[in-house]
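Structure first, then comments.
The values are calculated or read from the model by the stated rules, or taken from the named source; none is laboratory data. Given the structure is predicted, the values throughout are model-derived calculations rather than measurements. Cβ placement follows ideal geometry from the backbone for every residue including glycine, while neighbour counts extend to all protein chains displayed. SASA here: full protein model, heavy atoms, side chains in, ligands and nucleic acids out. Shrake-Rupley method; radii C 1.70, N 1.55, O 1.52, S 1.80 Å.
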Amino acid sequence: MTLHMREKQAATLPKANILPRARGTLDLTTKPRGDRSAIDRLRTSGCVRVLFPRSERAVEAIVINTSGGLTGGDSLSLAAVAGAGSHLTLTTQAAERAYRASADVARVETRLAAQAGSLLQWLPQELILFEGARLRRRLRVDMAADARLLLAEPVIFGRTAMGERLRDVVFSDRIAVWRDGAPLYLDGLDLRGDLESAMARPALGGGAGAMVSLVYVAPDAEAQLAPLRDMMPETGGVSLMRADLLVVRLLASDSLELRRSLLPVLDRLSRDTLPISWRL
């Protein structure tokens, strides 16, 4: 074999220090069809797949990351639009997992829109942070003036039942809700390093192992304030930011306790239309 042939063959071989990375995209839009909602546009690529269980009125989409989790260098880009007058509910098949990253960070970018007269529900199951995770997550929702929104982002800080301790984690999270081109709700969380110690601080987590941020935008938001406050444990709070904007922040010792408090809230605000994957 000549030197030239050896060099050409070597160039075609994968480099030992380059690991495969998961890439996935979703592009989904819904539209009204009579008294129901239907898929208007759907495209997926890479590791993202979608299932559509039967639903009476809304389009219910279950997003699946076939890579099995997120690690350094992985990238997911999700885009979905509830078209004018339609109902769209998005959830996930199971909890998402952010695993140890040997290099770089995992990135999840989600862009949602709720057009005039639509209802959008973003209800993914829990994100579980593992020791060594590196994750940058961004969520933006653009709403029309009369659109409605139910959004929940639950996060689990390690698997306490397995004795896992989070001493080296990087988690950057942003939630932005805009209405008619103006910011309606902006939230940010940056956790770095010894997450166990940070969450033990009374002003931050008080020893909590799980949390959820929930945003509800609808004309009846003010009417939901008192009932939801009655449903809250001592580690939960409900605030009425505007007459039609309700925000819930809830801490719990673990994922089980979080669900015990969260599910009744989601059932109430979703009018008992919580995706079936939340019950499995």
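Descriptive notes on the structure:
- Counted residues, region 158-189 - those being touching a residue at least 60 places away in the same chain (Cβ under 8 Å) and open to solvent by 60 Å² or more (accessible area, probe 1.4 Å): 2
- Restricting 111, 100 to those that are under 17 Å from the mean Cα position of the chain (by Cα) and surrounded by fewer than 22 Cβ atoms within 10 Å (Cβ to Cβ) reduces the list to 111.
- Check on residue 53, closer than 14 Å to residue 275 by Cβ, open to solvent by 30 Å² or more (accessible area, probe 1.4 Å) and modelled with pLDDT under 95: yes
- Lone unmet requirement of (1) within 21 Å of residue 210 (Cα to Cα); (2) hydroxyl-bearing (Ser, Thr, Tyr); (3) open to solvent by 20 Å² or more (accessible area, probe 1.4 Å) for residue 77: (1)
- Some residue of region 208-229 being closer than 29 Å to residue 101 by Cα, out of contact with any Lys or Arg (no Cβ under 8 Å at 6 or more places or on another chain) and touching a residue at least 60 places away in the same chain (Cβ under 8 Å): yes
- Residue, modelled with the lowest pLDDT, within region 1-49, restricted to residues that are under 23 Å from residue 101 (Cβ atoms) and out of contact with any strand residue (DSSP E or B) (no Cβ under 8 Å at 6 or more places or on another chain): 16
Matching residues to (1) over 22 Å from residue 172 (Cα atoms); (2) modelled with pLDDT under 95:
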| position | (1), (2) |
| --- | --- |
| 85 | yes, no |
| 89 | yes, no |
| 98 | no, no |
| 102 | no, yes |
| 108 | no, no |
| 112 | no, no |
| 120 | yes, no |
| 126 | no, no |
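- Residues of region 25-38 that are among the aliphatic types (A, V, I, L, M) and in contact with a Ser or Thr (Cβ under 6 Å, 6 or more places away or on another chain): 26 alone.
- Region 137-155, residues that are open to solvent by 10 Å² or more (accessible area, probe 1.4 Å) and either of a type in the set (Val, Ile, Thr) or farther than 19 Å from residue 90 by Cβ (or both): 145, 146
- Count of region 122-136 residues which are open to solvent by 10 Å² or more (accessible area, probe 1.4 Å), closer than 16 Å to residue 214 by Cβ, part of a strand (DSSP E or B) and of a type outside the set (Phe, Trp, Tyr): 0
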